[in-house]
Amino acid sequence: MADTYRAWLRGAVKWQDIAVIDLRDVDGIGKRLQLAGLRTLGEIDKMDSAALLEREGMGVGLLRRVRGIIRSCKAEERRRKPAAPKLRIPKVRLMP
């Protein structure tokens, strides 16, 4: 994996900024997405499936794999977020 993906793993950038070319693996998802004119995962997430399928080189299988990657990135970022602190502070009780 390349720079933006590694930066996301470290928590330096958000998943929306991961470049598609950095999704290189055995089947070449990143190269196919780049040939379709896409740049980042955030750009793909904003588009609806029909608009993505109209692009040259995009198929249903590729779209499902990319949506799966986006889903796993979102889940990982939810796990990274710390639990929200309690907003209610207990009052100190004074005994009479």
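The values are calculated or read from the model by the stated rules, or taken from the named source; none is laboratory data. These numbers were taken from a predicted model, which means no experiment stands behind them. Backbone-built Cβ (ideal geometry, glycine too); neighbour counts: all protein chains shown.
For the stretch 11-39, taking the residues that are in contact with a strand residue (DSSP E or B) (Cβ under 9 Å, 6 or more places away or on another chain) and within 12 Å of I69 (Cα to Cα), the one that is surrounded by the most Cβ atoms within 10 Å (Cβ to Cβ) is identified as I18. The residues of the stretch 77-96 that are surrounded by fewer than 13 Cβ atoms within 10 Å (Cβ to Cβ) and at pLDDT 85 or above, listed by number, are R78, R79. Residue check: W8 meets all listed conditions (1) over 23 Å from K81 (Cβ atoms); (2) out of contact with any strand residue (DSSP E or B) (no Cβ under 8 Å at 6 or more places or on another chain); (3) surrounded by 13 or more Cβ atoms within 10 Å (Cβ to Cβ) but one, namely (1).
Listed by position, the helices (runs of 4 or more DSSP H) contained in the stretch 22-85 that have at least 1 residues being farther than 14 Å from Y5 by Cα and in contact (Cβ under 8 Å) with a residue 24 or more places away in the chain are 29-35, 41-46, 60-80.
Output the residue which, of all residues in the stretch 40-54 that are among the acidic types (D, E) and surrounded by 13 or more Cβ atoms within 10 Å (Cβ to Cβ), is nearest to R67 (Cα to Cα). Per the criteria, the residue is D45.
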